[in-house]
1. Among 65, 142, 100, flag the residue with its Cα farthest along the positive direction of the charge dipole of segment 6-286, charges on Cβ as +1 for Lys/Arg and -1 for Asp/Glu.
2. Select one label from (1) 37, 22, 16; (2) 27, 23, 19; (3) 55, 19, 16: the one whose number is semi-axes √(5λ) of the Cα gyration tensor in Å as derived from the coordinates shown.
3. Run the helix sum for the chain: -39,500 (n - 2.57) per DSSP H stretch of 4+ residues, divided by residue count, reported at 222 nm to the nearest 500 deg cm²/dmol.
4. Which residues' amide hydrogens lie under 5 Å from the amide hydrogen of residue 176, considering only partners 5 or more residues apart or on another chain, with H built in the peptide plane?
5. Where a Cα-Cα gap under 16 Å defines reach, which lysines qualify for residue 114, not counting those fewer than 8 residues away within the same chain?
6. Quick one: grab the alpha carbon gyration tensor of segment 130-226, order the square roots of its eigenvalues as a ≥ b ≥ c, and give me rounded if a/c is under 1.5, else prolate or oblate depending on whether a/b is larger than b/c.
7. Below 27 Å Cα-Cα, how many Lys pairs turn up in segment 159-262? Only count pairs eight or more apart in sequence, or on different chains, if you could.
8. How large is the dipole of the chain about the Cα centre if only Lys and Arg carry +1 and Asp and Glu carry -1, each at its Cβ, rounded to the nearest 20 debye?
Amino acid sequence: MAGSGSERAAVELCKGINGLDKVYLYGGHVTSWRNDQREELLFVSTKEIFKPPKAIRGGIPICFPQFGSNGSLEQHGFARNKFWSIDTDPPPFPTTSKSFIDLILKPSEEDMQKWPHSYEFRLRVALGNGGDLMLTSRVRNTNGDGKPFTFAFAYHTYFSVSDISEVRVEGLETLDYLDNLENKERFTEQGDALTFESEVDKVYLGAPTKIAILDHEKKRTFVLRKDGLPDAVVWNPWDKKAKTMTDFGDDEYMHMLCVEAAAAEKPITLKPGRGVERKTGTVSGSFKLL
């Protein structure tokens, strides 16, 4: 354990002496992931105060059971604002990693009043032998009344980048997307790769299982691999919105980019007793075209 007080309780996973993965029990939230050069690969705002009930600004928030404002719950649902527990009896997860942590979230009475469904949400965070980061989520419907429930989901990953103007994203070319800055109107992406000159908030539909984020200045490529999550969300607040966010520095938009594996457009429906597994894996490597 690291930190002082329950609100800062965290678990650290170490890969050799270099790779480091820090996971807070609050939100089941990954906040640190480093490469062999001990460079931080995830962005967390310097304005973040790590104080519940506010979600942590950066890292990898878990969006469940709602994405964005598409529903009656708080923004992105409540999973990122709840204290998770260590899962002492997890089901088998396929992994070759010796560095992992299993967490579990179950509904509180307060949750049931807002979202009247019983569930088990199990999360494994693992560091691969090569330093790859893998998150695996399993959601199970434990309703005793025989009713199904529907939920949306996302791994809201904040990548650390050197300069947003020197970043491009490959793998989303020609896809349809919903533009949250244009009342969720549907468009088709143009061009060979995504580059950034202004605020962006888009949900790409039917995204491929592999997306590359290329940072030219650092000569680094992130490869986002996803399984069972059809959409990809791309977000950067840019300068004007950044200045309105109390937990985000005015110029920090230049050094982050969210690329998120998600089930956002079409929520997932689970019948009682049924479960679903969703994965995302991220690899950081040298600069190369994939």
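Coordinate-derived values only; no laboratory data. Everything numeric in this text was worked out from a predicted model, so none of it was measured. For neighbour counting, all protein chains shown are included, and Cβ atoms are generated from backbone atoms with ideal geometry for every residue, glycine included.
1. 142
2. Label of the calculated value: (2).
3. Working: 2 runs with 11 residues, N = 290.
About -1000 deg cm²/dmol.
4. For residue 176, whose amide H was placed from the backbone, the distant partners under 5 Å are 189, 205.
5. 82, 106
6. Details: a/c = 2.55, a/b = 1.48, b/c = 1.72.
The shape class here is oblate.
7. Qualifying lysine pairs in segment 159-262: 20.
8. Working: 38 positive and 42 negative charges, 196 e Å.
For the chain, the charge dipole is close to 940 debye.
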